[in-house]
Amino acid sequence: MPDALKAEGITVRFGGVVAVDNVSLSLQPKGILGLIGPNGAGKTTLFNAVTGFVPMDSGKVRFFDRDVSSEPPYKRAQAGMGRTFQTERPFEELTVLENVLVSAFLKEPRRKDAEKLAMEMLKRVELDDRYDQPAGDLNLARRRRLELAKALAIQPRVLFLDEVMAGLNPPALREMIGLVRRLSQEGLAILMVEHIMEAIIELSDHVIVLASGQKIAEGTPQEVTSNTQVIEAYLGTE
Amino acid sequence: MIRHLIGLLVLLVAGLVYPWIFPSALTVGVTILLFAGWATAWDILGGWAGQVSLGHASFVGIGAYFVAIGATEYALAPWWSILMAIAVAALLSLAWGRLTFKLHGPYFTLSTIAIAEILRLIAINEDWLTGGATGVFIDWMPTPFGIDLFAREAQYYLALVFAVGVMATIIWISRSRFGYQLRAVREDENSAMAAGIDPTRTKLKAFMLSASLTAVGGGIYGMMLSFLEPHILFYLLLSVQIALTGIIGGRGTIWGPLVGAVLLVSAGEIFRTSFAEANLLIYGILILLVILFLPSGIIGEFNRRLTRRLYARRAQG
């Protein structure tokens, strides 16, 4: 079985600034890969380059057995890359169910089937009791879960989570960690960008640490958190 | 869905009864129906896909001119020339969209004004194509089943079929996958792409459908005017009226454009007869009031409140 995702030598420049500098990563089917690093490390840029939302200056992205390096984001989504957005942007004027319906239509062109699928996804993130509420009225924690339901409704092969834990209060954080773990146990490969160490350590089986656009460490959560370079990058040196 | 189909049936019955109640106001009736159809067609692009066009007069002009030139030069029946106008409008909007859909928001809107102005200048200056600035007079129409297509009554029923047909189309779209792709693209192109939707393709489809339907109404309008002048038919004012009808009624709603058409056309008519010179002032004030107090349009605001009320009622009960 090939890797679910294999990115090699990804480089992204914004003008003269190298936001991501020759970074490679791979994700096993059913694995959880955590991407961490201080602010401005290039995590989200790398994430967006892999999912196709930011153009790469060089590098290759393979998704299962398909080279998607030059494909636009919607083709990568059709191939099975399901992503959330850091600044969650529900379609505010649509209801919660309709938001998920948009994604569900990708694989289920008929309204009835799509609605059924969308409702199932809402159940998975425990938002089904609010299916007819305008999405713009949801609070932050629920918007996050809605983002997740939208990503799940395209029936992805890999789930890309961009800081789904940020800004959640402790109980909501615990719930979200439990939810991501359940999704992983159900067989989804997951790549998550995260600021919150607790979540990364608990969930990931492999972690990549970025600082100033470069990969500075890689390994299991335990290996990475005991790495002096990582501690320096996060806490600074005296 | 059922609600909307009943609404459509009510519209059809009201439309059939109207000539019996207001036999002397048939022209107003045709105008309302044409604007309802145009604004609904405009709204596929302007409301559902969120790309505000101020160039739709071009497609009205194409429809009207195909009917006129077809009849006078080639003795072509209007149903054939309208079919040709549909094809031309679709191809034109495809090229037009490819050229301008890289632009967003007000920049897209400005580009539609520019292209429509170019088309207007072509229509005025290319005499061999349109008869030029002096205009074209339709002097012949076929008489299918003995129906006189120059008669206002026949034109009224054609306009009714047009308006009901366009509205049936939008009712169907609103429930379909295409309808949700349109809404997603309008709300956020990145989120739409994350759902596997190609925004440019979706907007092109919306533009082509919108333009083709507008051209059909243009063909009926041509019969009604029977004398066509390019600086009226391709003019910005008509584009603005079509867009305003949709905006005031409520963009991206099924019934908004119809409500806008009834309100604006009948208000324009009443004010012109009863206030003489002040009519445009009052017309302007009316538009201002709606935009100030109902920014989503009349039906748009109604729908917003309805959705929230329905949710609140279900969540409590």
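The values are calculated or read from the model by the stated rules, or taken from the named source; none is laboratory data. Computed from a predicted structure; not experimentally measured. Every residue, glycine as well, gets a Cβ built from its backbone with ideal geometry; the counts of neighbours run over all protein chains shown.
For this structure, a couple of remarks:
- Residues that are part of a loop (DSSP other than H, G, I, E, B) and modelled with pLDDT of 90 or more, drawn from segment A:195-220: A:Ser204, A:Asp205, A:Ser212, A:Gly213, A:Thr220
Yes/no matrix, rows are residues, columns are (1) over 22 Å from the mean Cα position of the chain (by Cα); (2) modelled with pLDDT under 95; (3) closer than 30 Å to B:Pro199 by Cβ:
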| position | (1), (2), (3) |
| --- | --- |
| B:Ala71 | yes, yes, no |
| B:Ala85 | no, no, yes |
| B:Val88 | no, no, yes |
| B:Ala123 | no, yes, no |
| B:Leu129 | yes, yes, no |
| B:Trp140 | yes, yes, no |
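- Meeting the requirement of 3 or more residues that are buried (at least 21 other Cβ atoms within 10 Å of the Cβ) and within 9 Å of chain B (Cβ to nearest Cβ), the helices (runs of 4 or more DSSP H) wholly within segment A:7-106 are A:73-79, A:96-104.
- Unique residue being away from every other protein chain (no Cβ under 14 Å) and among the aliphatic types (A, V, I, L, M) when the list is B:Met208, B:Met193: B:Met208
- Elements of the type helices (runs of 4 or more DSSP H) sitting completely within segment B:126-194 and holding at least 2 residues that are farther than 30 Å from B:Leu228 by Cβ: these cover B:152-175, B:177-187, B:189-194.
- The one condition from (1) aliphatic (A, V, I, L, M); (2) closer than 20 Å to B:Ala163 by Cα; (3) under 14 Å from the mean Cα position of the chain (by Cα) that B:Ala25 does not meet is (3).
- Every residue from segment B:259-317 that is of a type in the set (Val, Ile, Thr), farther than 30 Å from A:Glu92 by Cβ and touching a Phe, Trp or Tyr at 6+ places or on another chain (Cβ under 8 Å): B:Val265, B:Ile282
- Scan segment A:144-160 for residues that are within 12 Å of chain B (Cβ to nearest Cβ) and not in a helix (DSSP H, G or I) and the total you get is 5.
Okay, residues lined up against (1) in contact with a Gly (Cβ under 9 Å, 6 or more places away or on another chain); (2) small (Gly, Ala, Ser); (3) at pLDDT below 95; (4) part of a helix (DSSP H, G or I):
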{"site": "A:Arg142", "(1), (2), (3), (4)": "no, no, yes, yes"}
{"site": "A:Met165", "(1), (2), (3), (4)": "no, no, yes, no"}
{"site": "A:Gly187", "(1), (2), (3), (4)": "no, yes, yes, no"}
{"site": "A:Gln222", "(1), (2), (3), (4)": "no, no, yes, yes"}
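- Screening segment B:80-101 for residues that are aliphatic (A, V, I, L, M) and touching a Gly at 6+ places or on another chain (Cβ under 6 Å) and picking the one that is farthest from B:Ile115 (Cα to Cα) gives B:Ile82.
- Test: residue in segment B:238-250 that is under 30 Å from B:Gly135 (Cα atoms), β-branched (Val, Ile, Thr), in contact with a Phe, Trp or Tyr (Cβ under 9 Å, 6 or more places away or on another chain) and touching a residue at least 24 places away in the same chain (Cβ under 8 Å): yes
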